[in-house]
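Since the structure comes first, as structure tokens, the remarks are kept for the end.
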Amino acid sequence: MCPNSSIYSDEKSRVLVDKTKSGKVRPWREKKIANVDYFELLHILEFKKAERVKDCAEILEYKQNRETGERKLYRVWFCKSRLCPMCNWRRAMKHGIQSQKVVAEVIKQKPTVRWLFLTLTVKN
């Protein structure tokens, strides 16, 4: 495990970068900056969860694959606040992966199924 206590790893002074399987860099920095802005608002309003939001995703632990040497994100602590940009981003990724699995299973079980997108509204 490699805690991300600084932006450089101890070996070869490489910058740790988290990438998707397609090679796209994940926007941790942008989300953390938005998270700090959210913390400042909570702190001004003196909400109890402000400290929890401040510590959201402060520590990232990576595990290194012994065969390839590649590092993969292993553990992160989140605040689980509904309005936290960091938690919302991770939650959206989680729901996307879950949806992909459900769709893949439906296609596997019923390959001739027809899909329908439906939006239901209630009149004001």
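Readers should treat all values here as calculations from the given coordinates under stated rules, not as data from a laboratory. Every value quoted in this text rests on a predicted model; they were computed, and no experiment measured them. Here Cβ is always computed from backbone atoms with ideal geometry, including for glycine, and neighbour counts include all displayed protein chains.
Just a few scattered comments:
- Residue count for the range 65-106, restricted to those that are aromatic (Phe, Trp, Tyr) and surrounded by 14 or more Cβ atoms within 10 Å (Cβ to Cβ): 2.
- The set of residues in the range 106-121 being of a type outside the set (D, E, K, R) and either part of a helix (DSSP H, G or I) or touching a strand residue (DSSP E or B) at 6+ places or on another chain (Cβ under 7 Å) (or both) consists of Val106, Ile107, Gln109.
- Taking the criterion of being of a type in the set (Gly, Ala, Ser) and under 21 Å from the mean Cα position of the chain (by Cα), the residues of the range 61-120 that qualify are Ser81, Ala92, Gly96, Ser99.
- Number of residues in the range 69-105 that are out of contact with any strand residue (DSSP E or B) (no Cβ under 6 Å at 6 or more places or on another chain) and either in a helix (DSSP H, G or I) or of a type in the set (Ser, Thr, Tyr) (or both) equals 22.
- Among the residues of the range 49-64, none qualifies, meaning not one is over 21 Å from Val25 (Cα atoms) and exposed (fewer than 10 other Cβ atoms within 10 Å of the Cβ).
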